[in-house]
1. As an exercise: evaluate residue 131 against (1) at pLDDT 95 or above; (2) open to solvent by less than 20 Å² (accessible area, probe 1.4 Å); (3) part of a loop (DSSP other than H, G, I, E, B) and give the number of the one condition it does not meet.
2. Only one residue in 97, 90, 104, 124 is of a type outside the set (Asp, Glu), under 20 Å from the mean Cα position of the chain (by Cα) and at positive phi. Which one?
Amino acid sequence: MDKGAGTGPKNEEKREKMKRTLLKDWKSRLSYFLQNSSSPGKPKTGKKSKQQTFIKPSPEEAQLWSEAFDELLASKYGLAAFRAFLKSEFCEENIEFWLACEDFKKTKSPQKLSSKAKKIYTDFIEKEAPKEINIDFQTKTLIAQNIQEATSGCFTTAQKRVYSLMENNSYPRFLESEFYQDLCKKPQITTEPHAT
């Protein structure tokens with residue numbers, strides 16, 4: 001049996017087909033996040049529809065995302081694309097936790113602060129939480145103590161750690177992803193010969 005049989009044209013075709021399927025799945029996830037995103041931004045709204053639609057960024061805007069992680073998070077489309085990417089890597093709990101903390105910090109009412117703190121704790125922090133984030137035991141213990149009398153800063157340490165994890169691990173992989181690279185490509189202008 002030929003050992004080089006696994007690298008033939010059939011396997012190459014298979015890989016290309018799988019790559020296209022993954023990219024298509026990625027784009028449909030991004031579309032879903034853009035339609036269902038609750039993040040702040042400036043959506044375009046039609047008169048007949050209350051559904052929000054978002055404009056695909058220009059290649060120049062998408063390239064700005066590579067300059068700083070904050071640039072990516074500040075863009076509604078960028079945030080949705082990054083969320084879809086994290087979902088494809090099975091680590092979307094990180095961005096969801098970070099966004100929950102951003103919302104939490106804006107809460108003014110002490111009653112709402114307390115209930116939101118407990119929800120964030122049960123969703124992301126406690127052992128076996130449905131979206132448990134990867135933070136050390138000391139930070140978890142500190143948060144458990146802090147939420148007894150919740151303040152807007154009780155998740156700050158964990159949020160900074162998760163931000164750093166995303167910025168140093170997921171963000172560079174996102175910038176290398178085929179989807180992001182496609183967003184940065186300028187459209188090819190083709191000229192066809194005109195019949196005379």
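The values are calculated or read from the model by the stated rules, or taken from the named source; none is laboratory data. Fair warning: this is a prediction, and the values are worked out from it, not measured in the lab. Don't worry about glycine lacking a Cβ; one is built from the backbone with ideal geometry, like all the others, and counts go over all protein chains shown. SASA here: full protein model, heavy atoms, side chains in, ligands and nucleic acids out. Shrake-Rupley method; radii C 1.70, N 1.55, O 1.52, S 1.80 Å.
1. (2)
2. Step by step, each of 97, 90, 104, 124 is checked, and only 90 is of a type outside the set (Asp, Glu), under 20 Å from the mean Cα position of the chain (by Cα) and at positive phi.
Per-residue answers, yes or no, for (1) modelled with pLDDT under 55; (2) more than 22 Å from residue 119 (Cβ to Cβ):
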{"site": "45", "(1), (2)": "yes, yes"}
{"site": "60", "(1), (2)": "no, yes"}
{"site": "64", "(1), (2)": "no, yes"}
{"site": "67", "(1), (2)": "no, yes"}
{"site": "72", "(1), (2)": "no, yes"}
{"site": "76", "(1), (2)": "no, yes"}
{"site": "91", "(1), (2)": "no, no"}
{"site": "98", "(1), (2)": "no, no"}
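Here is a yes/no grid of residues against (1) among the basic types (Lys, Arg); (2) open to solvent by less than 50 Å² (accessible area, probe 1.4 Å):
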site	(1), (2)
100	no, yes
119	yes, no
136	no, no
144	no, yes
